[in-house]
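Trainee: Once you've had a glance at the structure underneath, I'll fire off some questions.
Coordinate-derived values only; no laboratory data. Model, not experiment: these values are computed from the prediction. Cβ placement follows ideal geometry from the backbone for every residue including glycine, while neighbour counts extend to all protein chains displayed.
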Amino acid sequence: MSDRLSEEVRVDNLTRRFSYNVGGHLTRLDEIGYGENAERPERHTLFERDTLGRLVAKINRDTSQTFAYDDGDRLLSIERQPSTVGKQLGITEEKLEYAYDLLGRLTKEITPDGTLGYEYDPLSNLTTLTLPDGRQVNHLYYGSGHLHQLNLDGQVISDMERDDLHREVYRTQGKLTSCFGYDAMGRKAWQFASTLPADKLSQIHNTGINTSLLVEHAYNPIHRRYQYDPAGELVRTLDKLRGEIKYEYEANGQLRSRDTGSLIGSEEFRYDAAANRLDFNARQFDKVKDNRIRQWRDQEYRYDPWGNLIEKRSGHSKLQHFTYDCENRLVRAETLVNGTLESAGHYRYDSLGRRVAKQAEINGDVEQKRFLWQGLRMLREETPGQDILYLYEPGSYAPLARVDRVEGEGQRVYYFHTDQIGTPLELTDSDGRIVWQATYRSWGAVEGLPVKEVEQNLRFQGQYIDSETGLHYNTFRFYDPAVGRFLTQDPIGLEGGINFYKYASNPTGWVDPQGLANLFELGTYGGLNGDLHVGDNLQAHELLRHEFLVQQEVATKATRLAGNPSIALDLDHHTRGPAKDTRGVGGAHWHETQIRASQGLGKNDFAPSLKRELDITSGALRKAGVPASRVKALKRQAKKFYRSLSGCTGG
């Protein structure tokens with residue numbers, strides 16, 4: 001008897017049927033949509049496998065793709081051929097190629113936009129990234145891999161200094177030095193950018209003076225403080241450029257309000273049980289169906305049978321139309337004002353689903369852009385005669401700096417200054433002058449741009465705003481900051497949460513750089529580790545350890561339970577000890593070991609009862625900095641799952 005999923009009927013009646021070969025590998029996906037008039041269109045995807053079960057071909061309405069591997073099962077190439085329908089959507093022929101060293105590390109990535117080269121140190125830390133134009137981004141480390149410097153062809157972009165817990169405390173940014181302080185949970189407590197040179201700040205720090213006292217000095221053009229509640233939610237920020245902002249939350253961690261001290265900038269929110277945003281109007285409850293919001297404030301929405309937003313009407317004058325390929329990727333967008341075309345966008349993607357080109361037309365002006373990627377991070381943005389190179393904080397999608405080149409003018413370096421979750425708030429030049437500054441509403445819409453000498457399009461981590469639509473491109477989906485949700489359903493389905501359009505419970509502590517499951521998202525062990533969960537640098541953590549379930553005789557040692565409730569964690573929150581955790585706090589596994597030891601248990605010794613075991617594992621999550629609301633929800637799911645296995649009704 002197999003426990004493989006054969007059919008999925010979603011809350012909006014969209015049906016997905018899965019077929020497998022004798023080896024248990026997916027070979028066919030049949031989808032049956034459900035339209036506004038109950039129409040049921042179908043589409044089909046075929047997956048061809050070799051004798052080892054590896055995917056060698058993927059065929060759908062728009063394209064056929066073939067995959068080649070080396071003897072070590074490493075991907076060597078992806079080739080794409082568009083169908084007639086695909087060509088009409090702008091899809092082109094393409095080949096991506098990869099090369100590896102003897103240790104299996106990626107050394108070369110060949111794309112239609114050029115070749116990226118990778119070099120590593122003996123610990124497999126990336127030391128040199130060679131760009132298609134020959135420039136080299138160099139990474140210098142200390143210890144086991146803590147970044148100490150970034151330079152471009154020897155020109156220092158940024159030097160970093162870290163404390164005894166290896167947390168970044170200083171960062172040079174041109175003539176400014178940014179300083180960071182942390183609370184006991186490793187969360188950012190304050191930051192400032194100072195005109196004092198780094199060596200002076202380091203001397204002050206080493207004398208034992210409380211560096212946080214320097215935050216509000218006049219020679220700091222940028223400074224802010226952060227305050228959190230016992231559940232780990234951000235409740236207050238103090239910002240030199242933005243003043244004081246307070247936040248309140250629902251019991252489940254959803255953002256309830258943002259208070260700026262004025263009626264104009266303050267916001268309040270309410271939600272239904274599936275986290276859909278609602279107006280403060282009881283009739284709104286009648287308008288939310290199947291998580292496909294039809295109306296919110298002065299906006300009206302229409303969807304295609306696959307759940308993709310195809311029309312958005314704002315007020316009486318503005319109308320937007322959206323067109324998608326058969327993999328739900330936005331390929332065309334049009335904005336009409338009073339019936340006249342104001343703007344249009346055309347978008348192209350590579351075989352990995354990354355957007356590699358766009359053409360935008362606004363009031364008759366046409367702009368062409370191409371994008372180069374390093375993995376799933378946008379590395380370069382290119383327009384005729386100009387390009388922008390983006391550099392990021394290590395292991396993050398939070399931008400650190402960008403290097404602009406204009407033909408005939410050389411290059412300029414600009415530095416990002418972000419908030420506690422990596423959203424850009426300011427951009428400074430090499431002289432420390434603010435050239436771009438933004439204030440946002442809660443869900444990422446720009447409230448104001450007091451300074452905009454330089455165009456800056458990055459928003460929440462992993463997001464890029466398209467001025468022709470006002471939407472944020474979010475790697476695998478598009479995000480609408482006006483309503484705080486995605487235009488299309490989550491590619492990973494229920495593993496991203498019960499609401500396929502939801503961004504996050506709150507935008508003050510959560511990020512979703514790829515439009516998939518985000519940090520602290522709840523799902524199942526099988527789903528969060530499955531093929532649909534495209535590489536997002538997150539790992540599934542079970543609250544009920546599989547070995548405990550075996551000990552309780554409700555599971556077998558040989559087979560992990562795919563349905564075991566789990567939470568998506570990054571390495572810091574999951575497996576790292578305080579010495580390697582960038583927050584200096586330690587992950588859930590480390591804290592779990594400490595708690596077990598304090599109770600006389602070994603690392604792999606388990607408590608005799610469900611209650612005591614859950615107290616240990618949930619306590620470890622809280623100590624690792626996971627929000628209390630997430631731990632509580634996961635604990636409820638784990639209890640329910642255990643009872644379904646054991647047939648018990650008690651705990």
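Trainee: Could you calculate the FRET efficiency of residue 332 with residue 219 from 1/(1 + (r/R0)^6), where r is the beta carbon distance between them and R0 is 41 Å, rounded to 0.05?
Mentor: E(calc), rounded to 0.05, equals 0.25.
Trainee: Where does each of 370, 171 land when they are ranked from fewest to most other beta-carbon atoms within 10 angstrom?
Mentor: By the 10 Å Cβ count, ascending: 370, 171.
Trainee: Please work out how many pairs of lysine residues in the range 522-646 are eight or more positions apart (or on different chains) and have Cα atoms closer than 25 angstrom.
Mentor: The number of close lysine pairs in the range 522-646 is 22.
Trainee: Rank the residues 614, 278 as a footprinting-exposure proxy: fewest other Cβ atoms within 10 Å of their Cβ go first.
Mentor: 278, 614
Trainee: Can you tell me how much longer the chain between residue 74 and residue 127 gets when fully stretched, taken as 0.36 nm per residue apart minus their C-alpha distance, in nm with one decimal?
Mentor: The span from residue 74 to residue 127 would gain 16.9 nm if fully extended.
Trainee: Here is a follow-up. Sort 306-314, 119-127 for me by packing, meaning the mean count of neighbouring Cβ atoms within 10 Å per residue, highest on top.
Mentor: Final packing ranking: 306-314, 119-127.
Trainee: Continuing with this model, one more query. Between residue 141 and residues 5 or more places away or on another chain, which pairs have amide H atoms under 5 Å apart, with H built 1.01 Å from N, and which residues are they?
Mentor: 148
Trainee: Please report the spacing between the Cα centers of the range 245-279 and the range 142-171 in Å, no decimals.
Mentor: 38
Trainee: What ³J(HN,Hα) values, in whole Hz, does the Karplus curve 6.51 cos²θ - 1.76 cosθ + 1.60 give for the range 373-389 when θ = phi - 60°, with x put for Gly and Pro?
Mentor: Result, rounded to whole Hz: 10, 10, x, 10, 10, 5, 9, 9, 10, 10, 10, x, x, 7, 8, 10, 9.
Trainee: By average Cβ neighbour count within 10 Å, what is the ranking of 461-470, 629-638 from highest down?
Mentor: 461-470, 629-638
Trainee: Non-local amide H neighbours of residue 451 (under 5 Å, H modeled in plane, Pro and chain starts lacking H): which ones?
Mentor: Here the answer is 437, since their amide H atoms fall under 5 Å of that of residue 451.
Trainee: For a label point 7 angstrom out from the Cα of residue 22 toward its Cβ, which stretches of the range 48-75 have the backbone nitrogen within less than 20 Å?
Mentor: 48-56
Trainee: Can you order the peptides 289-296, 153-160 by their average number of other Cβ atoms within 10 Å per residue, highest first?
Mentor: In descending order of packing, they fall as 289-296, 153-160.
Trainee: For residue 314 and residue 279, calculate 0.36 nm times their separation in residues minus their Cα-Cα distance, and state this gained length in nm to one decimal.
Mentor: 11.1 nm
Trainee: Moving on. Identify all lysines with a Cα-Cα distance to residue 58 below 26 Å; exclude those on the same chain that are fewer than 8 residues away in sequence.
Mentor: 87, 95, 108, 358
Trainee: Between residue 13 and residue 365, what's the calculated FRET efficiency when r is the beta-carbon distance and R0 is 51 Å? Round to 0.05.
Mentor: 0.75
Trainee: Using just the helices of the chain, give the 222 nm mean residue ellipticity in deg cm²/dmol: DSSP H runs with n ≥ 4 each add -39,500 (n - 2.57), and the total is spread over all residues, rounded to 500.
Mentor: -3000 deg cm²/dmol
Trainee: State the extension gain, in nm to one decimal, for the chain segment bounded by residue 643 and residue 601, taking 0.36 nm per residue of separation less the distance between their alpha-carbons.
Mentor: Full extension from residue 643 to residue 601 adds 12.7 nm.
Trainee: Let me ask something else about it. Along the charge dipole of the chain, pointing to its positive end and built from +1/-1 on Cβ of Lys, Arg, Asp and Glu, which listed residue (601, 143, 174) has its Cα farthest out?
Mentor: The Cα lying farthest towards the positive end belongs to 601.
Trainee: Next question, about the same structure. Which one is right for this structure if Cα Rg over 2.2 N^0.38 Å is calculated from it: (i) 1.14; (ii) 1.59; (iii) 0.97?
Mentor: Of the listed options (i) 1.14; (ii) 1.59; (iii) 0.97, (iii) comes from this structure.
Trainee: Please find the FRET efficiency linking residue 87 to residue 615, where r is the Cβ-Cβ separation and R0 is fixed at 41 Å, and quote it to the nearest 0.05.
Mentor: According to the calculation, E is roughly 0.10.
Trainee: I would also like to ask the following. Take residue 163 and residue 52, extend 7 Å from each Cα along the Cα→Cβ direction, and tell me the distance between the two endpoints in nm.
Mentor: That separation, rounded to one decimal, is 4.7 nm.
Trainee: Non-local amide H neighbours of residue 127 (under 5 Å, H modeled in plane, Pro and chain starts lacking H): which ones?
Mentor: Correct list: 119, 120, 121.
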